[in-house]
Amino acid sequence: MNAEETFEPKILAFCCRHCAYAAADLAGGMRIQYPPGVRVVEVPCSGRVEVTEVLHAFEHGIDG
């Protein structure tokens, strides 16, 4: 990376359908923009996201 480039992390947000996803959906309805590297994934419950799913995301280029 040279001085002219800036790091744009790729972020994957696992959001609970009943809590965080509703907030993310509301933000979208209000036209609040996420940074370009943020992707929101709706899940039934964020507590049920398996470690293997997170590792799979990292293996495919997600930074956090």
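FYI, it's all coordinate maths here, none of it is from the lab. On a predicted model such as this, the values are computed, not experimentally measured, just so you know. FYI the Cβ positions are ideal-geometry reconstructions off the backbone, even for glycines, and counts take in every protein chain you see.
Let me check against my output: what whole-number percent is the relative contact order of the chain, with C-alpha pairs under 8 Å and at least 6 apart? Before the final figure, lay out each step's value.
Details: 59 pairs, mean separation 31.1, N = 64.
Reported as a whole number, the value is 49 percent.
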Measuring from the longest principal axis of the C-alpha atoms of the chain, the long axis of helix 20-29 (C-alpha) lies at a number of degrees, nearest 10, equal to 70 degrees
Restricting the stretch 13-58 to GluC sites (Glu not before Pro) in coil, as DSSP defines it, with at most 11 other Cβ within 10 Å: 50
Relative to 2.2 N^0.38 Å, what does the C-alpha radius of gyration of the chain come to as a ratio? Two decimals please. 1.30
Fewest Cβ neighbours within 10 Å first, please rank 12, 55 accordingly. 55, 12
Need the full-extension length gain, residue 33 to residue 58, defined as separation in residues times 0.36 nm minus the C-alpha distance. One decimal, nm. 6.6 nm
